[in-house]
């Protein structure tokens, strides 16, 4: 089943948001990770709101996201959906037999390998219930120490310091053993936090690349029986 | 955090059993998967029973397993424990800050990404309760369709046919959407079963390599706070 | 808080599918239930596939569904989403402070009041995983005896007889104490099944009307803090 | 199945306590809710303690409660048990095929429709474990943000202010999105709290009336197979 | 805390049913177990139905059961409630600081010490939902392999053979590792079944005596804070 | 099945640690509890670390622990493993058909009989995740109010005062109704804490003796089918 790839496999990373800056940052970090082993194509979902925050935002983002996957399906070997809500992940898994990984599912599952309980740190308290729902969907509710987001208005601190405080609280008060950054915007902070607090800090994009690269090399994709089956 | 590796990273795969044939098969498949990207060293736990079946077997295997990891710690970048019971995985995670992955945890978590419910197929009905315990430890009890092992004495069939029958039953009766081969001895059957039944079939060694390769490249290891902490 | 309604309240029932026949049937049954107490407006989601079956169908149905709710928001006092998958229910709840009820959530919760365990009977085996997911979302996984759908091709029986057989099996084999018809197309069968098997059989549209009527009269709607909050 | 009621249906509300004042208040609120649509008969359980607080109180209340239901069974179309402990609800459901709803089950299930997590506020800290048990019985333990009761002796505040403080804490500290008043004595406070805090606040009696009215109109009652079966 | 008992402690076993024959059998077995170490007083609840089967039966049994415990409280050191439904166990625990053990809770918890999953065998299929509820109350739903009761009318077999068949099915089909006899009437069968099937078989009365004897000797009783507190 | 023991049964208590002082203390308390009813032999695991704290310590302790049980199997009627981690309990249960009880499982299960929720107090915060894992293994995660360990450096208090403070916090803040001392070193404190706080406090050794004495007298041991089976 393990296949020899004469040319490097191609991974399509879909940024479900329409913010081009974010796409650029994701692409940069992804290529830094994959080096020459894989080709990474990272696309912006131009039909979406700039930042997906609500259920309505997710619904708005869906049609063009679907279009993006359809356009690139033939020329891609696997897919990463790069928003921590894993929006429409089931729909994309239904569309193709190739591997599709959400950055939410990838980072949450990886965190639970590194320590017994982990915390998710996100940028907006309003997103907490959506993350909770997702964590329950992935059967990880008992592996979570806490989901945290800084309250607005702690203004005398720099942004990094604010997230450092949350990470410290997750570690000291909530007994987290690992931390997941639950927002693409926080990408790149993991090294600083990890160095200061001493716990592993994970970014979802990189974790999704572990899995999608592995599955492509192994030659295994989404199950096409029952849930994600097609005609 | 993403580090450039000038030389390929080295992964130590520990076969907790003392069967040398099994080590050879694991090594072969692992190298087939990693190609030149990684150096794979695959060692036999000579102090163990030939095949670990019981709790006593696991305990017997522990001291020499620990010794193996200690011997190779400095020269390895990550570790795979290649028995589906994940024996002493917590102990090994406690020993080192480098990534350590069990083939049980790796394959079970990967399966739950590919479909909604998966079945584990193993070679001995007596091992079922130990697998159940492990699945519950990883919070995956609600993602499992069934754990199956052929009853002894269905002798008119070849070995492959026997496991094919179990896989079919998992798919048709238990509504499994993916299958995990829960025994190193079954490694290599996945392609045939996948082709015949049409559902993804996973071998634990390959799944563990996904994760350990990713974590090494990312520069992240087991959390050293609380559970797996050391002095 | 209990308010006097000088004129009957108006309930908008959205059929998320584009099948007009189904809308008509839903409207008929709803008005039979509400009589003169409430005004029922039942609309077809013309932008959707004829019958929502897959995740892609749901995503396709979303934009026009949203438009329908927006158009009728001012002139409606409450909303019923009339597809058993409860598609985009979270999005609709986010859109308005008025009560919004899905026929899935309404029938599942009502069934668990009538007996200890209930079965869901639906028309397509492929939909079972989506229903399972929904049931888990509503915390009812331990209150479900089974989810059943007739396999295609049991052709010598009439349609009603086929569902009667499933209902009997739910009652006798799975120990169901109540039955939910998990598909708008089965609406109207409940009386015949109930009479023959002797267990309560629920249709989702009617159950959703219980709740939406009650909430309107009580003057209480969806919480606008946290999950379904808005700006 | 939907039946035309030439005369309004009659609902018997049983106050399991012997406090006549409480019966009067419940009756008043219930009639305010039902208006002329339904006849409400609200009876006091004179054989019970004044306020049911303990398991012994519940047991003492049972025989006369049973007698009340038996006396009124023929002339009632549905039953509401108006104590938040849902005392002997299983016994009453066993007694009759007509719908029987407890105010505990009704309000807890309704709250989980309005928001992701709700808090229960009650008047006595000692009752918290009994409520917890009940919530677990209804499979809602993961939908509860907290159960709160003011500690005795916060005396400088008025009663309403005390409960307002608890509701605020439920909302701000425990992330509740809806609130259930877990004590008949708190009935009537919901409007004030809802106005001040901005989250939906539910009283059990009204929620039970939603369901019992709906079930009567629909012609469906408690399942008489298995758990609540009779001879 | 460990107290020296100059005279043997006295245990009151309450048979919540009014069947005197059953009381005699329970008393006989209990004394066979305790020998001279303890004094066993075994009383019949004459105010109850002959055999408690329904919720109504339990409620009917409560007042005289309470009276029995009150009468004997001063002269008893601990209490066993000898019906597998554990009827009113919470009420009795509330009445006294001395140890009170139900035969349901005792046997279910003991079984889960002897093997990973156990089956409960009872005499009436209608009682299954009540046992299920109880098992969930004790957090043991995931430790149960099955709850079984022979269907009426398997008449060519003797009573013992009928239960032997159920025990075999529990062992072979449901993978039970231990068996609990969930009905006082089955007491005494455990030795025969155990000998024939080779799995441990437990009777609740004896298991309750383990615990109540231990707690009396240790000097520890029911917690009087919160749930079972009194004034 | 209830057997007459002409001579007192012999219980082997294994102290998995190599600290002889601890063995002496355990032996003393055990004999105080059993008096002349049972013979208690309490042995030190000389091959182990002085105090088992980590997974590595447990693994180191295993071979000699196994040897101890093997040496004494013929002359013992039952076994108690006297470390709160229940190290290698599954392995010991696999070794013999006689009853084997861990002090962790015994005390946790007994605590849940005495009150609705209990707290575990241990001596080292680092051990908390191991206890959590164990509690989940025994299905008791929802019966636990908290697991507490004093932070190092609260030095102005005596040792007893430190644990008293934790016990008070468990009772007042976490709503514990009973307390388990999760460390053999705390044995003997239970009386003082119980007297001061008024909640039952349990030591594991005594709780294990309840069960092992009962099972020996009843003639029932560990199930030898499936999980703990042998050849």
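With respect to residue E:106, determine if the residue is within 11 Å of another protein chain (Cβ to nearest Cβ), crowded, with 23+ Cβ neighbours inside 10 Å and in a helix (DSSP H, G or I). Against the criterion (within 11 Å of another protein chain (Cβ to nearest Cβ), crowded, with 23+ Cβ neighbours inside 10 Å and in a helix (DSSP H, G or I)), residue E:106 qualifies.
Listed by position, the strands (runs of 3 or more DSSP E) inside the range E:110-216 whose residues that are touching a residue at least 40 places away in the same chain (Cβ under 8 Å) and buried (at least 23 other Cβ atoms within 10 Å of the Cβ) number at least 2 are E:118-121, E:178-181, E:201-203.
Among the residues making up the range D:8-21, a single one is away from chain C (no Cβ under 14 Å) and either out of contact with any strand residue (DSSP E or B) (no Cβ under 8 Å at 6 or more places or on another chain) or at pLDDT below 95 (or both): D:21. Scan the range E:217-228 residue by residue and report those that are part of a loop (DSSP other than H, G, I, E, B) and closer than 18 Å to residue F:167 by Cα. Within the range E:217-228, E:220, E:221, E:222, E:223, E:224, E:225 qualify. Among the residues of the range F:1-28, those identified as under 30 Å from residue E:203 (Cβ atoms) and surrounded by 21 or more Cβ atoms within 10 Å (Cβ to Cβ) are F:11, F:12, F:13, F:14. Whether any residue in the range E:151-164 is under 19 Å from residue F:111 (Cβ atoms) and touching a strand residue (DSSP E or B) at 6+ places or on another chain (Cβ under 9 Å) is what I want to check. Among the residues of the range E:151-164, not one is under 19 Å from residue F:111 (Cβ atoms) and touching a strand residue (DSSP E or B) at 6+ places or on another chain (Cβ under 9 Å), which makes the answer no.
Residue by residue, here is whether (1) at pLDDT 90 or above; (2) over 30 Å from residue F:57 (Cβ atoms) holds:
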position: B:184; (1), (2): no, no
position: B:188; (1), (2): no, yes
position: B:192; (1), (2): no, yes
position: B:215; (1), (2): yes, no
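So which of E:30, E:62 is within 11 Å of another protein chain (Cβ to nearest Cβ) and in contact with a strand residue (DSSP E or B) (Cβ under 6 Å, 6 or more places away or on another chain)? The match here is E:30. If I go through the range B:197-231 residue by residue, how many of them are over 30 Å from residue B:95 (Cα atoms) and in contact with a helix residue (DSSP H, G or I) (Cβ under 6 Å, 6 or more places away or on another chain)? Final tally of qualifying residues: 4.
Can you name every residue in the range A:69-99 that is assigned to a helix (DSSP H, G or I), without any contact (Cβ under 8 Å) to a residue 60 or more places away in the chain and away from chain C (no Cβ under 14 Å)? If the condition is that a residue be assigned to a helix (DSSP H, G or I), without any contact (Cβ under 8 Å) to a residue 60 or more places away in the chain and away from chain C (no Cβ under 14 Å), then A:71 is the only one that fits.
Do we have residue E:90 as closer than 27 Å to residue C:174 by Cα, under 16 Å from the mean Cα position of the chain (by Cα) and buried (at least 19 other Cβ atoms within 10 Å of the Cβ) here? It is false that residue E:90 is closer than 27 Å to residue C:174 by Cα, under 16 Å from the mean Cα position of the chain (by Cα) and buried (at least 19 other Cβ atoms within 10 Å of the Cβ).
This table checks each residue for (1) at pLDDT 95 or above; (2) surrounded by 22 or more Cβ atoms within 10 Å (Cβ to Cβ).
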{"position": "E:36", "(1), (2)": "no, no"}
{"position": "E:43", "(1), (2)": "yes, no"}
{"position": "E:46", "(1), (2)": "yes, no"}
{"position": "E:53", "(1), (2)": "no, no"}
{"position": "E:72", "(1), (2)": "yes, no"}
{"position": "E:75", "(1), (2)": "yes, no"}
{"position": "E:82", "(1), (2)": "yes, yes"}
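Got at least one residue in the range C:205-228 being at positive phi and in contact with a strand residue (DSSP E or B) (Cβ under 8 Å, 6 or more places away or on another chain)? No - not one qualifying residue is present in the range C:205-228.
Sub-6 Å Cβ pairs linking a first residue in the range D:34-45 that is under 21 Å from residue D:20 (Cα atoms) and assigned by TED's automatic domain parsing to the domain that holds residue D:213 to a second residue that is in a loop (DSSP other than H, G, I, E, B) and modelled with pLDDT under 95, at least 6 apart or interchain, are D:39/D:8, ordered by first then second residue.
Within the option set D:204, D:182, being closer than 20 Å to residue C:221 by Cβ and either under 18 Å from the mean Cα position of the chain (by Cα) or away from chain C (no Cβ under 11 Å) (or both) holds for one residue only, D:204. Of the residues making up the range F:31-68, those that are in a helix (DSSP H, G or I) and touching a helix residue (DSSP H, G or I) at 6+ places or on another chain (Cβ under 6 Å) are F:33, F:55, F:56, F:59, F:62.
The values are calculated or read from the model by the stated rules, or taken from the named source; none is laboratory data. If you're wondering where the values come from, they're calculated on a predicted model, not measured in any experiment. All Cβ positions, glycine included, derive from the backbone under ideal geometry; neighbour counts span all protein chains shown.
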